[in-house]
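Undergrad: I'd like to ask you about the structure that follows.
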């Protein structure tokens, strides 16, 4: 029998296992996939020029202390997010304009700029206030919230892009309280939106973000991580827990940490069943339509024309893109986010249709079709279709649920504990948040086991 069983080898699960080991506990990590990392997944380019990050990619070494410490510990190389050059805003089919990156788009009218800045500053101020989410904000959608502030139509559309980019849902589909609380846990709206040293998109990993997960997994130890082992049942026997996998293995442990998105709890056979109130909130959480298309070229041709690779679009299917090149290895890529409602339709297309739609939009945005239509590689990832993720980034609670079920959400039940970036008190939705939650969950287990007889393998 182990002291602790961990379901899921994403960053939360790996950190929970490592923290438990460091406290002297014996651990087994059980992972359905054939790899570690969860929604952190880096795939090699056929050209040999590095990796494409199909999942999480951005960090801030100075603001995210845990990730920063690991970067130093493992000697991982990072790349600063490139900002130099013009950005593009696509307002409608055939309508686009260029503007200096980092400012309110220049072609917005004075009234639209004032409206956008009013809403931005209001949400920033609310997200810097300490305290729990407000019930009245949890009972209205983000869309209705900004309308009630008097936002103009252009601002309403821009807030919808924020929602799509950040969470893979439209602003009509989740509560203002969830959005504001997410910002609160991430140093405010401006820090989430920023691509410079003040925000969450400052750095990327030169050799792919999964290098972080693989290095943490090495500390846990390969013999302690059981890959390709989907869980069929989890049972809390009162004095211990047991887990059975599709491979026919059975693991026993004094405690179990479940490190998968809460949206997927209902797919597990947990006995005895989770309490009704916990089922009520987790059965209703939603994972966003969060998709990536990564287009790789022989050279960064967009820079030659004065662009920095960033654009936003009300049209879609791509709603936002960034330059994610790693120049020192000759990896020149544009990462395109195809999220929210546009992502749902795009995700149902066949592979060649998805590629054609993205390239056609890049041609509309940047022109220079002769260069746009000659990528050397093209990747796409539809996280809703990924069996063991079912979407990204973090599960989002139903309207009114964040406040109503605060007493049970993420709380331990008997010998079962829950971790994941959705529960993190800081940098929720980021790698830092996943690691933070893993630490917290392991601490709960260590504290609960104090004074109890140790497990014998």
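The values are calculated or read from the model by the stated rules, or taken from the named source; none is laboratory data. Quick caveat, the model's predicted, so the values are computed rather than measured. In this analysis, Cβ positions are derived from the backbone assuming ideal geometry, glycine residues included, and neighbour counts consider all displayed protein chains.
Undergrad: One residue is enough: does segment 176-187 have a residue meeting the conditions within 30 Å of residue 448 (Cβ to Cβ), outside any helix (DSSP H, G or I) and in contact with a strand residue (DSSP E or B) (Cβ under 6 Å, 6 or more places away or on another chain)?
TA: No, the conditions are met nowhere in segment 176-187.
Undergrad: For residue 384, work out the one condition from (1) part of a helix (DSSP H, G or I); (2) modelled with pLDDT of 95 or more; (3) surrounded by fewer than 20 Cβ atoms within 10 Å (Cβ to Cβ) it doesn't fulfil.
TA: Evaluating residue 384 over (1) part of a helix (DSSP H, G or I); (2) modelled with pLDDT of 95 or more; (3) surrounded by fewer than 20 Cβ atoms within 10 Å (Cβ to Cβ) leaves (2) as the failure.
Undergrad: Now a separate question. With respect to residue 246, is the statement that it is surrounded by fewer than 16 Cβ atoms within 10 Å (Cβ to Cβ), without any contact (Cβ under 8 Å) to a residue 40 or more places away in the chain and over 29 Å from the mean Cα position of the chain (by Cα) true?
TA: Values: surrounded by fewer than 16 Cβ atoms within 10 Å (Cβ to Cβ): yes; without any contact (Cβ under 8 Å) to a residue 40 or more places away in the chain: yes; over 29 Å from the mean Cα position of the chain (by Cα): no.
It is false that residue 246 is surrounded by fewer than 16 Cβ atoms within 10 Å (Cβ to Cβ), without any contact (Cβ under 8 Å) to a residue 40 or more places away in the chain and over 29 Å from the mean Cα position of the chain (by Cα).
Undergrad: Let me ask something else about it. Listed residues 219, 212, 190; which is in contact (Cβ under 8 Å) with a residue 40 or more places away in the chain, crowded, with 23+ Cβ neighbours inside 10 Å and part of a helix (DSSP H, G or I)? Show your work before the answer.
TA: On the way: 219 fails: crowded, with 23+ Cβ neighbours inside 10 Å; 190 fails: crowded, with 23+ Cβ neighbours inside 10 Å.
One residue alone meets the criteria, 212.
Undergrad: Now, a different point. Residues 92, 9, 16, 52: which one is farther than 25 Å from residue 379 by Cβ and touching a strand residue (DSSP E or B) at 6+ places or on another chain (Cβ under 9 Å)?
TA: Working: 92 fails: touching a strand residue (DSSP E or B) at 6+ places or on another chain (Cβ under 9 Å); 9 fails: farther than 25 Å from residue 379 by Cβ; 52 fails: farther than 25 Å from residue 379 by Cβ.
Every option except 16 fails the conditions.
Undergrad: To continue, here is another question. Just give me the residues in segment 135-150 being part of a loop (DSSP other than H, G, I, E, B), closer than 20 Å to residue 117 by Cβ and touching a helix residue (DSSP H, G or I) at 6+ places or on another chain (Cβ under 7 Å), in sequence order.
TA: Initial filter on segment 135-150 (part of a loop (DSSP other than H, G, I, E, B)): 139-140, 149-150.
Cutting the leftovers down to closer than 20 Å to residue 117 by Cβ gives us 149-150.
Selection gives 149 alone.
Undergrad: Still on this structure: Give just the number: which of (1) modelled with pLDDT of 95 or more; (2) surrounded by fewer than 19 Cβ atoms within 10 Å (Cβ to Cβ); (3) more than 24 Å from the chain's Cα centre (by Cα) does residue 399 not satisfy?
TA: In the conditions (1) modelled with pLDDT of 95 or more; (2) surrounded by fewer than 19 Cβ atoms within 10 Å (Cβ to Cβ); (3) more than 24 Å from the chain's Cα centre (by Cα), residue 399 misses (3) alone.
Undergrad: Counting only residues that are touching a helix residue (DSSP H, G or I) at 6+ places or on another chain (Cβ under 7 Å), at negative phi and assigned by TED's automatic domain parsing to the domain that holds residue 420, give me the strands (runs of 3 or more DSSP E) lying completely in segment 225-273 with at least 2 of them. I'd like the intermediate steps shown before the answer.
TA: Details: elements: 231-236, 241-245, 250-258, 269-271.
Fully inside segment 225-273 and qualifying: 250-258.
Undergrad: Only one of these is assigned to a helix (DSSP H, G or I) and surrounded by fewer than 24 Cβ atoms within 10 Å (Cβ to Cβ): 439, 432. Name it.
TA: On the way: 432 fails: surrounded by fewer than 24 Cβ atoms within 10 Å (Cβ to Cβ).
None of the other options fit; the residue is 439.
Undergrad: Tell me which of these residue 407 doesn't satisfy, since it passes every other one: (1) in contact with a helix residue (DSSP H, G or I) (Cβ under 6 Å, 6 or more places away or on another chain); (2) in a loop (DSSP other than H, G, I, E, B); (3) farther than 26 Å from residue 211 by Cβ.
TA: (1)
Undergrad: Given the conditions (1) surrounded by fewer than 23 Cβ atoms within 10 Å (Cβ to Cβ); (2) assigned to a helix (DSSP H, G or I), which single one is not true for residue 13?
TA: (1)
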